[in-house]
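Novice: Could you have a look at this structure, given as structure tokens, before my questions?
The values are calculated or read from the model by the stated rules, or taken from the named source; none is laboratory data. Note that the structure is a prediction, hence the values are computed from the model and not measured. We place every Cβ from the backbone using ideal geometry, glycine too, and count neighbours over all the protein chains shown. SASA here: full protein model, heavy atoms, side chains in, ligands and nucleic acids out. Shrake-Rupley method; radii C 1.70, N 1.55, O 1.52, S 1.80 Å.
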Amino acid sequence: MTTERAERLIESFKTKFDAMPDVLVRAPGRVNLIGEHTDYNDGFVFPVAIDRDIMVASRRREDLTVRLYSLDYDQSVEFALGDIKYDDDKKWSNYPRGVAHFLQESEYSISGLDAVITGNVPIGAGLSSSAAMEVAMAVAFERACGLNIDPVEMALLCQKAENNFVGVNCGIMDQFISRLGKKDHALLLDCRTLEYELVPLNLENIKIVVCNTGKKRGLVDSEYNKRRAECERGVKILEKFLPGISALRDIEIDDIRKYSSHIPEITEKRCLYVVKENIRVLESVSAIKEHDLLKFGELMNESHIGLRDEYEVSCPELDAMVEIAWGIDGVIGSRMTGAGFGGCTVSIVVEDCLQELIDKVNEEYPKRTGLQPEIYICTAEDGAGIIEI
Ligand code: ADP
Ligand code: MG
């Protein structure tokens, strides 16, 4: 499939720009296996890069013009590197614009570029097509201009593009895994220090299955901000008793229990979830290293229950999807993934039971929700790189 898409991309480049591209880049989407809403609490996340990506065919220009064609939207844009503005009309172009802007701000000297972009990361499903787009464009500029950008720095730069140019308040996980992921590995990321560890998954006959609820993530912005505020409030209160703490990362379950009478009930629930989720991530990594996937599955299930009952960011559609998965013996673990209020679930499933899961989801989920599910069976892939032409 990759080869066919690459060929189509090259053909499109030739038609648009009347030349061969110099380089073909891909950057993957991602799914977070466990560690939700921990990133902005200086905690841990555990994503994998998946076999769905944004591909960019590009060719260096000698001037300072950038010409982009989106194959999927069938739209072209052109801008000058010296004058990069937000595009209200062709919003997809703001990701590459932001990346070019922040590359220059970081004092990388870049030249113009002709590029064609295509992707098969489902858009807006929570698998981070946006980060894939940013990272693919950053690598395209890096290659075209003979730069050598440290991968962690590149991830930070792409995050900046999304935060400050596109205007989406995302953490570092998505860009980090899209750039630094590794085939057959998940990545434990410490969102405080940006230290990371690639952990071999040894999945053998186990599959990673992502189920898209088809529910648009409606409430997510306002509720997301509320959750962040609750976490900050928890830290503020506990700081009085525990000087030196700066995030929920620094707090233990017993601290919350001990000072419980000072913490509003909702704040306490939110804080407890975050503290427990951080522990679950670290326990998941140990379980995987010990080849104890059953334990990992239990932790995934507990994570969902925490997100549903303590953090309250699930929704009936996510719960239905997870409950259907939990009802199947070969499903080792299942949980919502992403910010919540819609989007996807992630499950780990014994290969022999895959069809049963697919049939059950297709049969029961629409009955329970009136929505049509989509199912993606994913493999853990390398982070961004070059496709040899
Ligand atoms: P998510 O990252 O969860 O997929 P976002 O809303 O953050 O959702 O990012 C989706 C946006 O990224 C799209 O609206 C579009 O602007 C851009 N994008 C994603 N995939 C493509 C693509 N294949 N071609 C052009 N733009 C894309
Ligand atoms: Mg996104």
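Novice: Using alpha-carbon positions, what is the distance between the centroids of the range 108-158 and the range 200-228, in Å?
Specialist: What the calculation gives is 23 Å, centre to centre.
Novice: From zero up to wherever the largest Cα-Cα distance of the chain sits, split into 10 Å bins and tell me the percent of pairs in each.
Specialist: Bins of 10 Å from zero give 5, 23, 30, 24, 13, 3, 0 percent of pairs.
Novice: Sticking with this one: Quick check: at a probe of 1.4 Å, how many percent of the accessible area of the range 206-378 sits on carbon and sulfur atoms?
Specialist: The value for the range 206-378 is 48 percent carbon and sulfur by accessible area.
Novice: Something else: Where is the GNM fluctuation largest for the chain (alpha-carbon springs, 10 angstrom cutoff): 188, 103, 147?
Specialist: For the chain, modelled as a Gaussian network with Cα springs under 10 Å, the answer is 147.
Novice: With contacts defined as alpha carbon pairs under 8 Å and 6 or more residues apart, what's the relative contact order of the range 206-378 in percent?
Specialist: Dividing the mean separation by the residue count of the range 206-378 yields 35 percent.
Novice: Could you give the length gained by full extension between residue 241 and residue 228, i.e. 0.36 nm per residue of separation minus their alpha carbon distance, to one decimal place?
Specialist: Between residue 241 and residue 228, full extension yields 2.6 nm more.
Novice: Tell me, what does the Kirkwood hydrodynamic radius of the range 1-137 come to in angstroms if you use every pair of distinct C-alpha atoms?
Specialist: Evaluated over the range 1-137, this radius sits at 15.9 Å.
Novice: Sticking with this one: So what's the back-of-envelope 222 nm ellipticity for the chain, counting only DSSP H runs of four-plus at -39500 (n - 2.57) apiece and dividing by all residues, rounded to 500?
Specialist: -13000 deg cm²/dmol
Novice: Also, I was wondering about something else. Using a Gaussian network model of the chain with C-alpha springs under 10 Å, which one of 106, 12, 334 is most mobile by mean-square fluctuation?
Specialist: Between 106, 12, 334, it is 106 that shows the largest mean-square fluctuation.
Novice: Which ³J(HN,Hα) values, rounded to whole Hz and listed in residue order, are derived for the range 244-256 from phi using the Karplus coefficients 6.51, -1.76 and 1.60 in 6.51 cos²θ - 1.76 cosθ + 1.60 with θ = phi - 60°, glycine and proline given as x?
Specialist: Result, ordered by residue: x, 6, 10, 7, 4, 3, 8, 10, 10, 4, 5, 4, 5 Hz.
Novice: Ignoring ligands, DNA and RNA, how do 61, 280 rank by accessible area with a 1.4 Å probe, largest first?
Specialist: 61, 280
Novice: Let's test the formula: R0 of 45 Å, r as the Cβ-Cβ distance of residue 204 and residue 169. What FRET efficiency results, to the nearest 0.05?
Specialist: Working from the Cβ atoms, E equals 0.70.
Novice: In vacuum, with every alpha carbon of the range 87-126 counted as one equal point scatterer, what does the Debye formula give for log10 I(q)/I(0) at q = 0.32, 0.33 Å⁻¹? Two decimals, please.
Specialist: Relative scattering, expressed as log10 I(q)/I(0), comes to -1.13, -1.14.
Novice: Any idea what the relative contact order of the chain is, in percent, if you count C-alpha pairs under 8 Å spaced at least 6 apart?
Specialist: Over the chain, the number comes to 23 percent.
Novice: Starting at the first residue of the range 319-325, write each ³J(HN,Hα) from the Karplus equation 6.51 cos²θ - 1.76 cosθ + 1.60 with θ = phi - 60°, in whole Hz, x for Gly and Pro.
Specialist: Each residue's phi maps through the Karplus curve to give 4, 4, 4, 5, 5, 4, 5 Hz.
Novice: Summing Lys, Arg as +1 and Asp, Glu as -1, what charge do residues with Cβ under 14 Å from the Cβ of residue 372 carry, residue 372 excluded?
Specialist: Summing Lys/Arg as +1 and Asp/Glu as -1 gives 0.
Novice: With every protein chain left in place and a probe of 1.4 Å, what is the accessible surface of residue 253, to the nearest 10 Å²?
Specialist: Near enough 40 Å² of accessible area.
Novice: While we're looking at this one, here's another question. Enter the angle in degrees (range 0 to 90, nearest 10) between the Cα long axis of helix 151-160 and the first principal axis of the Cα atoms of the chain, meaning the one along which they spread out most.
Specialist: 90
Novice: Largest first, please: the extent of the C-alpha atoms of the range 206-378 along each principal axis, to the nearest Å.
Specialist: Extents along the principal axes: 53, 39, 22 Å.
Novice: Assuming R0 = 41 Å, what is the FRET efficiency of residue 63 and residue 372, from their Cβ-Cβ distance, to the nearest 0.05?
Specialist: After rounding, the FRET efficiency stands at 0.30.
Novice: Let me ask something additional. For residue 61, what is the net charge nearby, where nearby means another residue's Cβ is under 12 Å from its Cβ and Lys, Arg count +1, Asp, Glu -1?
Specialist: -2
Novice: If I take every Cα pair under 8 Å that is 6 or more residues apart in the range 313-387, average their sequence separation and divide by the length, what percent do I get for the relative contact order?
Specialist: 28
Novice: Got a sec? What order do 241, 17 fall in by accessible area at 1.4 Å, biggest, i.e. largest, first?
Specialist: So, going from the largest accessible area down, we get 241, 17.
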